[in-house]
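The values are calculated or read from the model by the stated rules, or taken from the named source; none is laboratory data. The structure displayed is predicted, hence computed values, not measured ones. Positions of Cβ are generated from backbone atoms using ideal geometry, with glycine treated the same way; all protein chains shown enter the neighbour counts.
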């Protein structure tokens, strides 16, 4: 257990988690920003969000994803971004799980731009989101909430 | 001297205590980490990021909306076609640029493509000659998916599609017209449970995991009909996949109703819902 904790709290592991999740979130948000109408339909298809909130959600969530993804990649306020990303992942997991429980056989609208990721409501989507949640959770718990990229750039300039 | 000695003696314990404090100081800071305030800081930054994104997204959507409004407000001046003074020429005027262009047409080739109504109008124009007549040529109804005439538009669906990419995508108007015409059979591409729960009245169930044998069982109901597949609506691609399955099974009169179940339900068109709990197997028709 100690070894596992040591492993997931290691800076390199956290760095890998951040870059992986950051890239996933940035890539998945691009199609949603390009085509908000489709994302609106995806949200509506789950049937859990009141119609009044579908449009604001479709406008805000993709930008939230892209901003948090970029903050993750560049290691800026990682813990705060991890908090938001974890929140989003919890919401996605709950939405997919309830759709699956209701027997809805539909596309989840999560990663429609990445062909090798299963984009359908089902066990695989739930497990995948839980894994992502664990990754963002470990960043939230063990990473530092600082602007590391700023310090890094500063260091480069000083050396220069 | 005595005084000096006494001061030295007194000062020794003070140094010891100072050293002890220096050693103790880092221990105290390690034992009491500021976890609460750190969490608060993380939370505050998260809220700030969230708020910034919300404001940004709202501003962006407002900008988009205003841009669309502006585009809608700009009068779209369509180039007008004026039949020119000389027979066999057409003058096109663009009000946006105030430019005009005169095209010479070959009446012989033009007449071959004209409908009788257009030919009659053209003949009248030719007769008027230099009188600068500018009759409005009414385009004859065209059998195409973009036609405003629904029955005419729906004639296209009776023709076979030559590839999966060319399977027609139809809206609620066409779907309802085809439904009422009796020429179409609706195919529910959703899962069997959802189909049993509720579906378009008379629809068959061909889920995406249906085998060729399953489709073959429905041969009698599908043959000779326009097959309209549907699922959960615009974001759903199950209807596409079912249509492809049917295409692979040899059916060519295919259409995908992209509005799907939500749109049909929204318009309160005929559906079949599952019977109450005491009769789980039976289905009842609900024409609305």
Determine whether the range B:214-222 contains at least one residue that is in a loop (DSSP other than H, G, I, E, B) and modelled with pLDDT of 85 or more. yes
Only one of these conditions is not met by residue A:21: (1) within 14 Å of chain B (Cβ to nearest Cβ); (2) buried (at least 22 other Cβ atoms within 10 Å of the Cβ). Which number is it? (1)
Identify all residues within the range A:62-89 that are more than 11 Å from every other protein chain (Cβ to nearest Cβ) and within 10 Å of the chain's Cα centre (by Cα); write none if there are none. A:69, A:72, A:89
Filter the range B:240-259 for residues that are within 14 Å of chain A (Cβ to nearest Cβ) and under 14 Å from the mean Cα position of the chain (by Cα); which is nearest to residue A:54 (Cα to Cα)? B:259
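Pick from the range B:196-213 the residues that are touching a strand residue (DSSP E or B) at 6+ places or on another chain (Cβ under 7 Å) and in a loop (DSSP other than H, G, I, E, B): which of them is farthest from residue A:102 (Cα to Cα)?
This residue is B:202.
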Working only within the range B:44-54, note down all residues that are more than 7 Å from every other protein chain (Cβ to nearest Cβ) and surrounded by 11 or more Cβ atoms within 10 Å (Cβ to Cβ). B:44, B:47, B:48, B:52
